[in-house]
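Q: Please see the structure below; I have some questions.
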Amino acid sequence: MTNIDQARTTTPPPPGPLPHNLATAWAKPKGWRQLTEVNNTFIGAMYVGTGLLFLVLGGVLALLIRWQLAVPGNDLLTPEQYNQVFTMHGTTMMFLFAVPIVEATSVYLMPLQLGARDLPFPRMSAYGFWCYLFGGLMAYSSIFWWIAPNSGWFVYPPLSTDYAGDYKTDFWLLGIGFIEIAAIAQVVEVVVGIMKTRAVGMSLDRLPIYSWYVLVTVLMIGFGFPPLILGDILMEVERAAGWPFFDPTRGGDPLLWQHLFWFFGHPEVYIIFLPAAGLVSTILPTFVGRPLVGYTWVVLAAIATGFLSFGLWVHHMFTTGLPHLSLSFFSAASFAVAIPTGIQVFCWIATIWSGKPVWKVPFLYIIGFLFTFVMGGLTGVMVAAVPFDWQAHDSYFIVAHLHYVLIGGMVFPLLAALYYYLPLASGRMMSERLGKLSFWLIFLGFHATFFPMHVTGLLGMPRRVYTYPAGFGWDGLNLASSLGAAVLALGFVVFFYDLISHWWVGPKAKRNPWGAGTLEWASSLPSPDTGVRSVPRVTGHYPIWDDPDLPGRIDRGEGLLADSPHGFRETIRTGTVDARPEQILILPGPTAVPLVAGLATATAFILAVFHLWLWAAPPAALAVSLLLYWAWHTEFRPEGVASRDVGDGMILPYYATGPRSHAWWAMVVLVVTDASAYGGLLFSYLFIWTVSGSWPPGGLSATFDGTLALAGAGLLLLSVLPVRMAVSADRRGRPLSTALFLVLASLLGAAAGFLLWLLLRASNLPAAEHTYAALVWMMLLFPLGHVALGMVMALFTATKAAVRPRGLAWSHAVANTSLWWQWSVAQLLFSLAVVLYFPTLA
Amino acid sequence: MANLLARDNPFTIILAPILWSLHFLVVYCTNAVACAKGWGGVTVLGLGLVDFTVLAATVVVLVLLAGLAGLAWSRFAPVKDARDYVHEHDPELARQARQRFMALAGLLQCGLAFVATAFVALPVLLVPKC
């Protein structure tokens, strides 16, 4: 009997009670106070639940679409209502279901699988989640008053700017836009979590395959979302203040929006698909009893897909009249991405081949995924060919293709994962019988709905039409799609009935019920709030298969961090490459701050949709104060305790600074993300240059005062010096000097900002009249906003430094302020150079 | 500044796709700007501006990728049998397994980036520019 067989057939005995101090540290508050819990098992479960709620809400809209289109000339919905329904269907499914739920799944699973007790910034996950819940519900509710966005989920101008009417597009820009910002919070959280909080010995080559996929995914979110957030800002400024960016009558170009949108929008498809592929790569080995074939090849595929997917965005714009050769570059890249996708598919097939499949429900869903996704992938290769796309573009063929890759590629694996992983949360098993029924209803319903659409599309039926006349040969196909949708919906009813009822009637799950090899199954069920009972040393991709006694050793507290003598919530921070333990992170306990701040943020944004600026001010102020209150209480350091023995005679410090620390990594990830937004702004400037005859265009002439520019730039450069001196003063334990240097830097920043403001005022560029002028203002205001935020950070950090006990080097806040400051200054100087000198070059 | 090519630096895995991205950016931007600004008539060394830039960028990137692949191979070859050391407790053997993984991952990335770069550049020989 091999280790794998032994691990698959033995049930570890139930664990003994937790040490008292560990149990109290991780105890969940009771009653309504539960909502103040920030632990990933609680937030993750709520997060997944909310994602599923939006799946239902988006699904109801899909049924309305299919009802409307079931027969020709139907009048269930008016054209305007239909526009809102299909727009909100796409928006809800993409922004409120698909992206959040893949992040939610990783928030829940990742620490369990990495052997961490929680992610490194639990309050940030919680804040991101509450923003998403409240903001999502408020944005979705616009459909109940028929004031929802109505120009498609990609809100193309001029449809979304000139013809949408009041509020509708604003709901999309503000309601959805700030959820994108919440998504960035999870990017920082998950990247740092994977890099820095792993089980000891879980070096890069032993990283669970799901973590590789999620790492690639969140980095893609980090690069793809910011240009869209920037686009959101530009479009909202155009709508609210009249600065033209996309209006061709004033020098703008609607295609700019399409570039910014699809630079996010295409990677988005892989952002949704990759984590689902990660789930498949994790679950599949369990059901065939053999390790994943080609680990390194699958890692290759995940990373390569992440990169290649950023070279595909123009394939959504093949019919916009771009140069032929440009289209061909994107066409070639679109074909090339089939290579890593093919590698994954063959690795999965080889894995199934290498073992003996057990036909349980999760495995069925995975087979459904393989079948459906490969079909969607093949139509993807078809539409990657420019001439074919010219024929199929904006037809139902595309609708069929995108649902095959999205539902096939993401929803099927997600359902597999829910059947597979819910015992972790509920401690009970879902029903095999209902599971098989739901699978066949969903699988057959799906194909009955979407397969005919390929044909409807090839017969010429365009997307987004609210009805169609009889006699084009579309009637029977549409009716078939609508009947299929009913079967699909019935499948989901069975699934959700099973999901909800299993919490009460499902049979109790034994430990490691599927005989899996990965670490999340080492604990008793439902997973304890502590995560792993003690942190094991990992040697391999399937720790339980490597050592069937591992759950027992974890239970007996033979791993690290088996107790919590000081009563803190703790997890181990490890080296990025070799996962060598380096530090104990103290994690925060329950707090209402993320909950209230999330509610306040969402309220402020939704009031802003209606341009009720005064009403939006109090909740915005509340949100900002709470965030500052939260920032004040970061960097908690226990008095008189600098380190402790975590087991095995290993003594780890409680504090570390600089590039090793989790805080430094978080700021670096944020800066990189922000740089992508700035890249979007720079692209906008250059794009408008390419479509304009002269530069500055339209007979405009800018007068930039060279002295003001030079003085501003000089002061900015100078301000970097005191910021860097503040960091070194802080490292040497001199809080007062730190505070003084930071105040000095802020003063220099303020003076430079004032000079540059004067420069803009005197430049004779009316932002509301021409895109060039609006872009110049934006190129400088965007980095100026960064410097202003840097000043808030500097003054806040200075205050913190001034009032804290002397002699302690608490330099996270200072070091992060310094990183942010230097990045903002670099951005502003670069903008200044472009705005001043590019016109002379061009 | 950390050495991006150090044996234990995870950047060695993503350098190849970064080179692919840079190549893609250069060829796309060159053609977009050349078409928008009517630089079709400009020639460099007897070649059209776009042809020249695409060919030059492609050659440079392919050479760099080949160099990276050579580096990855020189690191992979001595430890290519370390596959089974993934499960080792001995830190020295575990290190070999890790470095084998990183070298192989980098090598595979070079291969894919090489194919993808050449493939993206190919249309310049076949398709009209603007």
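The values are calculated or read from the model by the stated rules, or taken from the named source; none is laboratory data. Keep in mind the model is a prediction, meaning the values are calculated, not measured. A quick note on method: Cβ atoms are made from the backbone with ideal geometry, for glycine too, and the neighbour counts reach across all protein chains shown.
Q: Under the condition of being touching a residue at least 60 places away in the same chain (Cβ under 8 Å) and of a type in the set (Val, Ile, Thr), which residue from the stretch A:601-649 is farthest from A:PRO581 (Cα to Cα)?
A: A:VAL609
Q: Now for a different question. So A:GLY355 fits all but one of (1) crowded, with 19+ Cβ neighbours inside 10 Å; (2) of a type outside the set (A, V, I, L, M, F, W, C); (3) touching a residue at least 40 places away in the same chain (Cβ under 8 Å); what number is the exception?
A: Answer for A:GLY355: the failing condition is (1).
Q: Then there's this: Looking only at the stretch A:518-533, which residues are at pLDDT 90 or above and crowded, with 24+ Cβ neighbours inside 10 Å?
A: A:LEU519, A:GLU520, A:TRP521, A:ALA522 - these are the residues of the stretch A:518-533 that are at pLDDT 90 or above and crowded, with 24+ Cβ neighbours inside 10 Å.
Q: Please determine whether any residue of the stretch B:45-54 is among the charged types (D, E, K, R), under 23 Å from the mean Cα position of the chain (by Cα) and assigned to a helix (DSSP H, G or I).
A: Of all residues in the stretch B:45-54, those among the charged types (D, E, K, R) come to B:51.
Among the residues that remain, those that are also under 23 Å from the mean Cα position of the chain (by Cα) are: B:51.
Checking which are assigned to a helix (DSSP H, G or I) leaves us with B:51.
Within the stretch B:45-54, one or more residues are among the charged types (D, E, K, R), under 23 Å from the mean Cα position of the chain (by Cα) and assigned to a helix (DSSP H, G or I).
Q: For the stretch B:30-54, how many residues are free of Cβ contacts under 8 Å to residues at least 12 places away in the same chain, within 11 Å of chain A (Cβ to nearest Cβ) and of a type in the set (Gly, Ala, Ser)?
A: Number of matching residues: 3.
Q: Quick one: A:ARG644 ticks every box in (1) more than 33 Å from the chain's Cα centre (by Cα); (2) surrounded by 13 or more Cβ atoms within 10 Å (Cβ to Cβ); (3) over 26 Å from A:ARG732 (Cα atoms); (4) not small (Gly, Ala, Ser) except a single one, so which number is it?
A: Failing condition for A:ARG644: (3).
Q: Something else about it: May I ask you to list the residues in the stretch B:4-29 that are touching a Phe, Trp or Tyr at 6+ places or on another chain (Cβ under 9 Å) and more than 8 Å from every other protein chain (Cβ to nearest Cβ)?
A: Scanning the stretch B:4-29 gives B:LEU4, B:LEU5, B:ALA16.
Q: Let me ask something else about it. Could you list, in sequence order, all residues of the stretch A:292-309 that are surrounded by 21 or more Cβ atoms within 10 Å (Cβ to Cβ) and at the interface with chain B (Cβ under 7 Å from one of its Cβ atoms)?
A: A:VAL299, A:LEU300, A:ILE303, A:ALA304, A:PHE307, A:LEU308
Q: Take the stretch B:79-126 and flag every residue that is over 30 Å from B:ALA34 (Cα atoms), at the interface with another protein chain (Cβ under 8 Å from one of its Cβ atoms) and surrounded by 21 or more Cβ atoms within 10 Å (Cβ to Cβ).
A: B:VAL86, B:ALA94, B:ALA97, B:ARG98, B:ARG100, B:PHE101, B:MET102, B:LEU104, B:ALA105, B:LEU108, B:GLN109
Q: With respect to A:ALA802, is the statement that it is of a type outside the set (Lys, Arg), in contact with a Gly (Cβ under 6 Å, 6 or more places away or on another chain) and part of a helix (DSSP H, G or I) true? Before you say what the answer is, go through the steps one by one.
A: Values: of a type outside the set (Lys, Arg): yes; in contact with a Gly (Cβ under 6 Å, 6 or more places away or on another chain): no; part of a helix (DSSP H, G or I): yes.
It is false that A:ALA802 is of a type outside the set (Lys, Arg), in contact with a Gly (Cβ under 6 Å, 6 or more places away or on another chain) and part of a helix (DSSP H, G or I).
Q: Output the residues belonging to the stretch A:545-589 that are hydroxyl-bearing (Ser, Thr, Tyr) and under 27 Å from A:PRO12 (Cβ atoms). Explain how you work it out, then say what you get.
A: Residues of the stretch A:545-589 hydroxyl-bearing (Ser, Thr, Tyr): A:564, A:571, A:574, A:576.
If the condition is that a residue be hydroxyl-bearing (Ser, Thr, Tyr) and under 27 Å from A:PRO12 (Cβ atoms), then A:SER564, A:THR571, A:THR574 are the ones that fit.
Q: Taking only the stretch A:243-267 into account, find how many residues are out of contact with any helix residue (DSSP H, G or I) (no Cβ under 9 Å at 6 or more places or on another chain) and closer than 19 Å to A:THR169 by Cα.
A: Quick first cut of the stretch A:243-267, residues out of contact with any helix residue (DSSP H, G or I) (no Cβ under 9 Å at 6 or more places or on another chain) only: A:249.
Filter once more, keeping what is closer than 19 Å to A:THR169 by Cα: none.
Qualifying residue count, the stretch A:243-267: 0.
Q: Can you pull out the residues in the stretch A:524-544 that are assigned to a loop (DSSP other than H, G, I, E, B) and of a type in the set (D, E, K, R)? Steps first, answer last, please.
A: Applying the first criterion (assigned to a loop (DSSP other than H, G, I, E, B)) to the stretch A:524-544 yields A:524-534, A:536, A:538-542.
Of everything in the stretch A:524-544, those that are assigned to a loop (DSSP other than H, G, I, E, B) and of a type in the set (D, E, K, R) turn out to be A:ASP529, A:ARG533.
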